[in-house]
Every structure is written in structure tokens, then in C-alpha cells.
Amino acid sequence: MSIALVGDIGGTNARFALWRDQKLESIRVLQTATYANPEAAIRAYLDEVGQSVDSLRAVCLACAGPVEGEEFRFTNNHWRLSRRAFCEDLGLAELLLINDFSAMALGMTRLHDDERVTVCEGESEAGRARLVIGPGTGLGVATLLPLQGVGWRALPGEGGHVCLPVGSSREAALWGLLHQELGHVNAEAILSGGGLLRLYQTSCRLDGREPELESAAQITEAALAGESYATQVLQQFCIWLGRIAGDNVLTTGARGGVYIVGGIVPRFVDFFLSSGFERSFRDKGFMAPYFEGVPVWLVTAEYPGLEGAGVALQQRLEGA
């Protein structure tokens, strides 16, 4: 019996699953550092779940970065992939590569109610785009478009590299220090795991403090424990995420709603819900009324990228 396989590949972990009857089965997480290339990791995965390579019908991998062309180099790990060599090694007719945030966006079409938390109340406007944005290793942004009752199309982009906006005098002062350090100051410079640490260090520099915390995890832990300075820094992180999300809604017309994804924000759900995110999200001057009724959800699903890769593969197999 032929099977299909989907993967969601990051810098540290590669998540794999079988895609059967439009559902994920046999999910496993493998460390990329353990394997020389994705072919080796897939063979190890198939061995672990008791499937043979010969039974493999189709593969869809969600990967960070542009996925056009014959050769693909993974952004945050040592793997490289040649489409031709990959298919020859695994006996496939075709490999489907999709951008990781396209997969993440498509995964939103399969969310259950208990896999999202409402941040801003509202109701999706029919036929309108939806925004998917997520701080993680970087800042991913994608747009999800409804296709007149026949499914969804995900539009990847590089929205994490737009300019970091300034909405207060303190943000202007922080931006000035960031500009001295980086030159071009993009949103990802702050809205990512490494960005939270940079925000803390830059804030300390602005305020003449000696940094005491050394990682994003320590900053988050301190903020959740009530330490005032870490709380201020994490609050600023949430405010800047709100500004960027709001800018993207204006740009894409995403009145269908906003999904906040990625591995960072779900670590401090209650803090986020009471943060300045919603205020800064709507802080657009005379365009503030545009945001009335636009829902925002924080996604807590465990494997949305795998689900989205499955949706993309299903659409390819059905010729959609």
C-alpha cells in the first residue's frame, strides 16, 4: 500500500508524519544534527514507524526560505537538498517543497477550537484574507486567501524583514541604538527569540543598566516571576508585535483575522493576553476603526506546520 509523507523541518528538529485519509499519523521528531541529509532522516523515520521506502508515494517538506529551483539549502541547519537526487534516492516521481510559513498558514485551516486562544474578539469577514504571523527563530509572515469555496491558498513572503516601526519616544530611542548596532533595523531584529535578548540588552544600554539575564528564556522566566525590568522588556516585545501585526493587516486587508503562531508567545499566554498587544495592534490613527471586528487568535496547536504540509500535498495530489 502506498503512503505519503509530510515533514516540517526547522533548524534543530525535523518533524515527520504519514499523511493518510487527510490525517496525520505516526508523528515523530528527529534532530537534524543526527543525520547527514533529509533522505537519511526520512529513511530513519520510516524504519521507526515500520514502513518501507518502496511504499512511499509522495513527499511534501515544509522548509524555511525560498523553495524554487533544483537545489535547496536549509536556512538554519547543515542540510542541502537536490530535488533530482532526493527523488532518485527514495524512488519518488516528484517532491513537493513548500515554504515553512506557507505550511503554517495552511495549517490554520485545520485548527480545532481548543487549539487557539482568542486575543481580540471579532468575527472573520467572509472572503477576506487572513494573516499568519509568528515570532520564533525568526519572524514568519504569510497571507492565507480563500479560494471561492474550493480551499485556501497561502502566499509566503518576507514580512519579518520590514522596517521596525516607531510609535513612542522610548521606541525611537531604542531604534536609534539598534540602528547604531545593525544599520537596517527590521522587525525580526526584535520579534524573534534572539530578538527578545537583543531588546533586553538594548534596553539596558539605554537605561544605563548592567544586563543580568543571558537568554530569551531567562527574560521570559523573570517577567513571569514578576521582575519589573524583565516585565517591561517583555511588554515592549508584545507591543512591537502588535504594531507589526497591525501594519500587515492594513497592507494585506486581512479582515478575515490574524493567527499568532510560533514557539515564543505560547510560553506566556496569560501575560500576552493582558499586554499592550491589542492597543498597539489598533494604534493606527484615523485608520483605527478598520480594526473593529478583526479577530486575533493565539495558536497553541502542536504541529500546525505538518498539518499544512498535508493540506498542500492533498491539494497537489488532487490537482487543486
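The values are calculated or read from the model by the stated rules, or taken from the named source; none is laboratory data. Given the structure is predicted, the values throughout are model-derived calculations rather than measurements. With ideal geometry, Cβ positions are generated from the backbone for all residues, glycine too; neighbour counts draw on all protein chains shown. With ligands, DNA and RNA removed, areas are computed over all heavy atoms of the protein, side chains included. Shrake-Rupley method; radii C 1.70, N 1.55, O 1.52, S 1.80 Å.
Out of the residues in the stretch 153-168 meeting the condition of being open to solvent by 70 Å² or more (accessible area, probe 1.4 Å) and farther than 16 Å from Asp247 by Cβ, tell me which one is nearest to the chain's Cα centre (by Cα).
Result: Pro156.
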Output the number of residues of the stretch 29-71 satisfying the condition of being of a type in the set (D, E, K, R), under 26 Å from the mean Cα position of the chain (by Cα), surrounded by fewer than 15 Cβ atoms within 10 Å (Cβ to Cβ) and not in a loop (DSSP other than H, G, I, E, B). 1
Enumerate the pairs (first residue in the stretch 91-102 and among the charged types (D, E, K, R); second residue anywhere and part of a strand (DSSP E or B)) with beta-carbon separation below 8 Å, excluding pairs fewer than 6 apart on the same chain, so at least 6 apart or on different chains. Glu94/Ala58; Asp100/Asp8; Asp100/Ile9; Asp100/Ala62; Asp100/Cys63; Asp100/Gly140
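Okay, residues lined up against (1) within 18 Å of Ile264 (Cα to Cα); (2) in a loop (DSSP other than H, G, I, E, B); (3) not β-branched (Val, Ile, Thr):
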position	(1), (2), (3)
Thr109	no, no, no
Asp114	no, no, yes
Val117	yes, no, no
Glu125	no, yes, yes
Val132	yes, no, no
Thr137	yes, yes, no
Val141	yes, no, no
Leu145	no, no, yes
Val150	no, yes, no
Search result, residues across the stretch 250-272 that are in contact (Cβ under 8 Å) with a residue 40 or more places away in the chain and within 18 Å of His161 (Cβ to Cβ): Leu250, Thr252, Val261, Gly262, Ile264
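Conditions (1) farther than 30 Å from Ala40 by Cβ; (2) without any contact (Cβ under 8 Å) to a residue 60 or more places away in the chain; (3) hydroxyl-bearing (Ser, Thr, Tyr), marked per residue:
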site	(1), (2), (3)
Phe86	no, yes, no
Ala105	no, no, no
Glu121	yes, no, no
Gly136	no, no, no
Ala142	no, yes, no
Gly151	yes, no, no
Would you call Arg116 at pLDDT below 90 and open to solvent by 60 Å² or more (accessible area, probe 1.4 Å)? no
Only one of Gly176, Gly195 is open to solvent by less than 60 Å² (accessible area, probe 1.4 Å), without any contact (Cβ under 8 Å) to a residue 24 or more places away in the chain and closer than 26 Å to Glu158 by Cα, namely Gly176
Say whether the condition of being open to solvent by 20 Å² or more (accessible area, probe 1.4 Å) and of a type in the set (A, V, I, L, M, F, W, C) is met by at least one residue in the stretch 5-16. no
Could you count how many residues in the stretch 250-278 are part of a helix (DSSP H, G or I), of a type in the set (Val, Ile, Thr) and open to solvent by less than 40 Å² (accessible area, probe 1.4 Å)? 2
Do we have any residue at all in the stretch 17-24 that's at pLDDT 90 or above, exposed (fewer than 13 other Cβ atoms within 10 Å of the Cβ) and of a type in the set (Lys, Arg)? yes
Out of Asp283, Asp247, sole residue that is open to solvent by 40 Å² or more (accessible area, probe 1.4 Å), touching a residue at least 40 places away in the same chain (Cβ under 8 Å) and under 18 Å from the mean Cα position of the chain (by Cα): Asp247
Take the residues of the stretch 213-244 that are free of Cβ contacts under 8 Å to residues at least 12 places away in the same chain and not polar (S, T, N, Q): which is nearest to Leu144 (Cα to Cα)? Ala217
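Could you please find all residues in the stretch 179-192 being open to solvent by less than 60 Å² (accessible area, probe 1.4 Å) and part of a helix (DSSP H, G or I)? Lay out the reasoning, then the answer.
Here is the first cut: in the stretch 179-192, the ones open to solvent by less than 60 Å² (accessible area, probe 1.4 Å) are 183, 185-192.
Within the stretch 179-192, Ala187, Glu188, Ala189 meet the criteria.
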Working only within the stretch 198-240, note down all residues that are among the aromatic types (Phe, Trp, Tyr) and open to solvent by 70 Å² or more (accessible area, probe 1.4 Å). none
Quick check, is Ala126 of a type in the set (A, V, I, L, M, F, W, C) and closer than 20 Å to Gly7 by Cβ? no
Scan of the stretch 17-29 for residues that are touching a residue at least 40 places away in the same chain (Cβ under 8 Å) and either within 26 Å of His78 (Cα to Cα) or touching a Leu at 6+ places or on another chain (Cβ under 7 Å) (or both), ordered by number: Ala17, Trp19, Leu24, Ile27
Condition first: in contact with a Lys or Arg (Cβ under 7 Å, 6 or more places away or on another chain) and either over 24 Å from Glu115 (Cβ atoms) or in a loop (DSSP other than H, G, I, E, B) (or both). Can you find one or more residues in the stretch 218-226 that meet it? no
